[in-house]
Amino acid sequence: MINQNLIFPNIPSLPVSSPGNPSTAASPSFLNHHRSFADRDRTKPHSPPARISRASSDTLSQQIQPSALGMWNLTRFASSRLSRTRRLFSSAIPGPCIVHKRGTDILHDPWFNKDTGFPLTERDRLGLRGLLPPRVISFEHQYDRFMDSYHSLEKNTKGQPDSVVALAKWRILNRLHDRNETLYYRVLMDNIKDFAPIIYTPTVGLVCQNYSGLFRRPRGMYFSAKDKGEMMSMIYNWPAQHVDMIVLTDGSRILGLGDLGVQGIGIPIGKLDMYVAAAGINPQRILPVMLDVGTNNQKLLEDRLYLGLRQPRLEGEEYLSVVDEFMEAVHTRWPKAVVQFEDFQMKWAFETLDRYRKRFCMFNDDIQGTAGVALAGLLGSARAQGRSLANFPDQKIVVVGAGSAGLGVLSTAVQAVARMTGKQETAAQNFFLLDKDGLITKERKNLDPAAAPFAKDPGQIVGLREGASLLEVVKKVKPNVLLGLSGVGGVFNEEVLKALRESGSTRPAIFAMSNPTMNAECTAADAFKHAGENIVFASGSPFENVQLGNGKVGYVNQANNMYLFPGIGLGSLVSGARFITDGMLQAAAECLASYMSDEEIQKGILYPSINSIRHITAEVGASVLRAAVAEGLAEGHGEVGPNELAHMSKEETVEYVFRNMCKLQLSTNTTLSVEFFYFQEIAAQTLIKSHSRAPTSNPEAAGYEGMAETSDFLATKRYAVVTGANKGIGLEICRQLASKGVTVVLTARDEKRGLEAFQKLQESGLSDNLVFHQLDVTDPLSIASIAAFIKTQFGKLDILVNNAAFLGVTVNYERFAAAVENFGDWPVGEQIWNEIITGQTYDQAEECLKTNYYGMKTIVEALVPFLQLSDSARIVNVTSYLGVLKLMSNEWAKEVLSDVETLTEERVEQVLNKFLEDFRDGTLKTNGWQTYIGPTAYCVSKAAMNAYTRILAKKYPGFCINCVSPGFVKTDITGGTGYMTAAEGAENALRLALLPIGGSSGLFFNRQDASSF
């Protein structure tokens, strides 16, 4: 019998864009979504293949469901018996999409929402009946309805200002994006020519200018100067397990509009929408990022609606340290992701490109993408003049605009000339660079180092001087090409255009490349009117073709980066390139330049129609891939290794790239293969009833009921991390877990001692289940390193035991042992502890909290994404009875930590901050902090750990999260004094680590017994 929660797909799945990532969302409900991506990364916990996922605690009526990707893997296995040739290009059979949501939560999630397209069976299974109008409307009808609404909007806004119409169109598309992402991307792909100017340039500039007022819901991630030191943990807040493409901006130079601060986020969002539409990048694996380091735009700082930091921009090393930290964080979590830098002001554009291009797979689209598109156009313009490409070095080119884009174009063009002529020293002689102060020569005071290689020697430009105007330069040089990237609208005025007409060139070319439209150096109509009907014209933003009369047409080319950056990113991704080199970028530009036929070039058509964008992107991506292979930079992608890439023909590389581009199908065919139904039924028969995870009403009586029944948990291969494991309880926990067949990562701050402990366990015959990794829980980089290790080695985590601890005082252990002997147990009394503790500094107390609480918290945050991939995750916090609240004598702190309803991480930190403040002021005793039971900082840190355990259990109801006081154990912290061995203490933590599926959560255990916090 088919599982009652299975819902059949409305749309077939896509070709697998990343066959090497076998993870999918685990949840209590299946939604056979109309989306088409086989490896459905999502915002909720993930489950590895062929696992049984558990139910959420707040939905008792739901059943545990089999992993959708587990079924997919079974299906692939069955089909592979019929055909062994599908390894490179595998189309996913439609499978159920597992959802962690029900009811309105699904309707409010644009990734899962199908609006009125949910059939009645899905409405029943997902708690949607009654929440939608009764009529079921198919995906095709929803598509038609949206397009009707869009065309109605066009009709109703006729005659209104262009800016009003553009924003109205953007709003209707954005509302669809917020509501139903599948329909949004389908509409975008099918109507890319009409919608690209709305989601991309020129409308995106208008959107950025008004973003704070238009903002309705967050999209992407925001890293600010205030987040310094936190980015390594913040990056794990992004819900998708896999990210392929990141577009990053700091908002400092948005198009030609200048500093727009945080409002520049519209650029990464628009660029990534183009990646989805043009390159077929999985929209669940994209990440737009705003790096907010402040703004120097006074108007924004005074705007009450402005959403960014209200402070001047960081400069110098302060600025670079923020970007450094972000790049390290991204590379740690997603080492294969491609990062595109976008709209950075010139000084930082060049600085960051030079800083990172040999360390990360990244490129700057303004410098390198614009340059590639411009070079393709320049080569095409030479062909349009009836010249061969060998004559390109003879072209005289005037470049207006010495920003990052202008200098990038100039540099790329000069390199091309140098390659053609083999003469680097004379390659720049026919290029003339102007900025707002006119012609740039070597006489320029405060000459920008980036522009210096292109500055003219006054002796070589007879009749021209430093700072000569554009009109003077055009009249004297008589250029073949006039290229603008100045950001100054109308700078190619009537006089300049008429002077170009008199240049003597058989077919002068004009590139008015600045965006948005209002910043274009001239309009297409003005260019053809004043420079002549025989010109070649290209612009950054779209213009209509110009009717010249007598049936003649002046063709307008959009020289926009969208022809290159999707292919650069895609080719780098599917080749697995370590870096993006000039050779790869040159290959992309040459591919674009050769795309047009001679007949089209002679008409003045330099660039293809945007309707062909996906085919162009596949060709460009393949050329980038081949260049990466030729340079030895390709490491392969998914199951396709570098050797296979190297042996592909040109046609095979194009096919390979194209098949890695996701497609959204409009078919509503729900017919599935026999094998698929068969494996669904097998999986459905293996369901396990969900356990209620409601809080235990009587924790005192809960104990370890059922804890011996761990066979259901250990029936699956499990992976664990134990912190502070080089000795004592931590070492014994590793030993006992490994002996149960769990693969254990033994960690220690001191690498030498950790390796010694690791060797000791290996010698006892446990080597097959042990791995060592250095870990300092107070060091974010160390934590990031182990997170990356877990990701690459195991892909998930089942058990995390937090045992790392620091006492925070200097102890006279002889006096302590004597006191224990006198008391017969743990000693109590302020005078006794004054004798035992011989040193207790503020730095020690701070280090104690940093290790015992903040270190534990940080490692949890870093590893939660991998615990979410487990079907039944456990977190065990090894605490101390000294942290129980009945021993806390500060009544305010006790009240804060006791109030479960209002308990938050912020409230816990308030307690810790108050403790440190009183410690610094010498008022611990005055303000009631316990000094009679042991090291005060240690007691407070363990109370905070216990409180955080309760917070975590509430936050992750699908986990088993508990804390345990293992007892008075003979360890280094107790100076070898106690009445239990480390092995006996470890058993109490082990029981919680191996709880049966559905075990207790959110409890404090004193040894084996559940007790009060």
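The values are calculated or read from the model by the stated rules, or taken from the named source; none is laboratory data. Bear in mind the structure is a predicted one, so any value in this text is a computation, not a measurement. Heads up, the Cβs are rebuilt from the backbone with ideal geometry, glycines too, and the neighbour counts pull from every protein chain shown.
Just a few scattered comments:
- Being touching a Phe, Trp or Tyr at 6+ places or on another chain (Cβ under 6 Å), of a type in the set (S, T, Y) and assigned by TED's automatic domain parsing to the domain that holds Y956 holds for only one residue in T778, T743, and it is T743.
- Residue in the range 219-231 that is surrounded by fewer than 17 Cβ atoms within 10 Å (Cβ to Cβ) and not assigned by TED's automatic domain parsing to the domain that holds Q284 present: no
- Qualifying residue in the range 919-934 (condition: closer than 23 Å to G724 by Cα, crowded, with 20+ Cβ neighbours inside 10 Å and not acidic (D, E)): yes
- Flag: A538 matches the condition of being touching a helix residue (DSSP H, G or I) at 6+ places or on another chain (Cβ under 9 Å), assigned to a strand (DSSP E or B) and among the hydrophobic types (A, V, I, L, M, F, W, C).
- Enumerated helices (runs of 4 or more DSSP H) restricted to the range 346-446, each holding at least 1 residues that are touching a Pro at 6+ places or on another chain (Cβ under 7 Å) and either within 30 Å of T332 (Cβ to Cβ) or not assigned by TED's automatic domain parsing to the domain that holds S572 (or both): 404-421
- Within the range 630-638, not a single residue is within 27 Å of the chain's Cα centre (by Cα), in a helix (DSSP H, G or I) and at pLDDT 85 or above.
- Looking only at residues in the range 115-126 that are out of contact with any helix residue (DSSP H, G or I) (no Cβ under 8 Å at 6 or more places or on another chain) and in a loop (DSSP other than H, G, I, E, B), the one that is surrounded by the most Cβ atoms within 10 Å (Cβ to Cβ) is F118.
- Boolean, L257 is among the aliphatic types (A, V, I, L, M), in a helix (DSSP H, G or I) and either touching a residue at least 24 places away in the same chain (Cβ under 8 Å) or outside the structural domain of E521 (by TED's automatic domain parsing) (or both): no
- Matching entry among K396, K476, K445, K436 (being without any contact (Cβ under 8 Å) to a residue 12 or more places away in the chain and basic (K, R)): K445
- Where a residue in the range 958-981 is closer than 21 Å to E814 by Cα and its partner, wherever it lies, is small (G, A, S) and part of a loop (DSSP other than H, G, I, E, B), with Cβ under 6 Å and at least six apart: F968/G978; V969/G978; K970/G976; K970/G978; M980/G967
- Taking the conditions (1) of a type in the set (A, V, I, L, M); (2) surrounded by fewer than 23 Cβ atoms within 10 Å (Cβ to Cβ); (3) out of contact with any Asp or Glu (no Cβ under 8 Å at 6 or more places or on another chain) in turn, M234 satisfies each one other than (3).
- Qualifying residue in the range 804-818 (condition: modelled with pLDDT of 90 or more and more than 17 Å from G975 (Cβ to Cβ)): yes
- Single residue of V481, V496, V473, V462 found to be over 17 Å from A527 (Cβ atoms) and buried (at least 23 other Cβ atoms within 10 Å of the Cβ): V473
- Of the residues contained in the range 922-931, one or more are found to be under 45 Å from the mean Cα position of the chain (by Cα), aromatic (F, W, Y) and either within 19 Å of D798 (Cα to Cα) or not in a helix (DSSP H, G or I) (or both).
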